[in-house]
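Encoded as structure tokens, the structure appears first; notes follow it.
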Amino acid sequence: MNYNLSESKGSKTGYLSFELEKITQKIFIKSGYKVDTNEHSYIDLIASLENTIYYVEVKSSSSIQYKNHFYLSNQIEKMISYSKQNDAIPVLIVYSLLSEKDKEELSVRYQELLVLDIRNILYVIQQTDIRDELISILPFSVEQIEPEKCDLNINWLQHSDSLSALLVRLDKCKSGKDQSTDFENISFDLLKYIFSDDLALWHKQERSNMNLYRFDLFCRIKDYNSKTFWTMMENYFNSKYIVFEFKNYSKKLTQNEIYTTEKYLYQKALRNVAIIIARNGYDNNSMWAAKGCLRESGKLIILLTIEDLKTMCLLKQTDEDPSEFLLNKLDMLLVDLEK
């Protein structure tokens, strides 16, 4: 993997580039290509199908709009030169938006170059597992991006319904400590399916406070997310990050578990909201405890059940917005909040 333009593997941008190159490799492999990952200067991937060879360069950006193509000239020219020597087609894939002006300038300057941006990739991978994987790692929301067809032959059959398999696993998972890890993993996969458009990072089992306690999942609200619930979390609850807790208890959750989750929340770290998913629901005191946390310290803890999780999956499956479900939960919590 090339980390040019001062990108290092340890940096945020370098890590994103590394993950997006793996995504690109999957796209070509699922499209029937043979992919060579042996690294060559200025080439990330070599993909071949029958008698056609593509030299592929992958670029990422933490911003939804890519503005660095002017700095790629040296790389592009070397990639084109090497492509000519080996009778290959040079391809630039940018995992953010290129303006029409930028695309036109690249096309005019490098007529041999095939240019794809995030719109083209979203078109290719729509209704596939790879789409969920991609948008979960992108640092920005793609909800306003319209997929656009491209000239590169990277289409394949749509994936089978993995959601049904996950829901079957959820139903078969027994409550109790023995299957708590399974419950965490299933809940993680379902949440990623539901909110991959809205949340990024997806960091599991983060330990804190010198390992005295931990939370199960830590996500960041994507930039440019315009959905009401997430904008409220950022603007009114001062929370860019969301903590998720998965409770596979045999009994209903009590106020003790609510107060434990409250310890993970810290306003100055932009981590002021938690969502708990409980296998067997909550007792009466747990709701009172959640209201108390909000009333006394401004920390928002939303209590969900596995039935709520299934409902949000259905909303996502029918192209509705699952965050509206969370917004309704918030409405009910605030309407019933006592002084």
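The values are calculated or read from the model by the stated rules, or taken from the named source; none is laboratory data. Owing to the predicted nature of the structure, the values given are computational and were not obtained by experimental measurement. Counting neighbours? That spans all protein chains shown, and the Cβs are built from the backbone with ideal geometry, glycine included. Accessible surface areas use protein heavy atoms only, side chains included; no ligands, DNA or RNA. Shrake-Rupley method; radii C 1.70, N 1.55, O 1.52, S 1.80 Å.
Computed from Cα atoms, the angle from the helix 100-109 axis to the main principal axis of the chain rounds to 30 degrees.
Relative to the longest principal axis of the Cα atoms of the chain, helix 323-335 runs at roughly 30 degrees.
Along region 94-99 the Karplus relation, 6.51 cos²θ - 1.76 cosθ + 1.60 evaluated at θ = phi - 60°, assigns HN-Hα couplings of 10, 8, 7, 8, 9, 5 Hz to successive residues, with x for each Gly and Pro. With bins 10 Å wide starting at 0, give me the P(r) of region 88-179 over every alpha carbon pair, in whole percents. Histogramming region 88-179 at 10 Å steps yields 13, 35, 26, 13, 8, 4, 0 percent. Note on the chain: antiparallel DSSP beta bridges, both residues inside, total approximately 45 percent of the bridges counted. Amide hydrogen proximity for Q65: with H placed 1.01 Å from N in the peptide plane, the residues at 5 or more positions away or on another chain lying under 5 Å are L97. Grab the other residues whose beta carbon is less than 12 angstrom from that of F183, score K and R as +1, D and E as -1, and report the net. That sum, taken over residues with Cβ under 12 Å, equals -1.
Helix 162-172 axis versus longest C-alpha principal axis of the chain: approximately 30°, rounded to the nearest ten. Here the Debye sum runs over all C-alpha atoms of region 204-332 as equal scatterers in vacuum, and log10 of I(q)/I(0) at q = 0.09, 0.10, 0.13, 0.18 Å⁻¹ comes out as -0.25, -0.30, -0.53, -1.05.
Taking the Cα centre of region 219-312 as origin and assigning +1 to Lys and Arg Cβ atoms and -1 to Asp and Glu Cβ atoms, the resulting dipole is close to 140 debye.
Here the relative contact order of the chain, from alpha carbon pairs under 8 Å that lie six or more residues apart, stands at 10 percent.
How much net charge surrounds R109 when only other residues with a Cβ under 14 Å from its Cβ are counted (Lys, Arg +1; Asp, Glu -1)? Residues near R109 contribute -3 overall. Taking only Cα atoms and a 10 Å spring cutoff, compute GNM fluctuations for the chain and point out the largest among D171, D197, D308. Most flexible of the set in this elastic network: D171. Label point of E133 set 7 angstrom out along Cα-Cβ; within region 88-112, amide nitrogens under 20 Å from it belong to 93-96. Charge tally for S83 (other residues, Cβ to Cβ under 11 Å; Lys, Arg +1; Asp, Glu -1): -2.
The alpha carbon radius of gyration of the chain, expressed as a multiple of 2.2 N^0.38 Å, is 1.12.
Each Lys and Arg adds +1 at its Cβ and each Asp and Glu adds -1 at its Cβ; summed about the Cα centre, the chain shows a dipole of about 1200 debye. Per atom type, the chain shows carbon and sulfur on 47% of its accessible surface, probed at 1.4 Å.
Of all the options E296, E320, E234, the one that moves most in a Gaussian network model of the chain with Cα springs shorter than 10 angstrom is E296.
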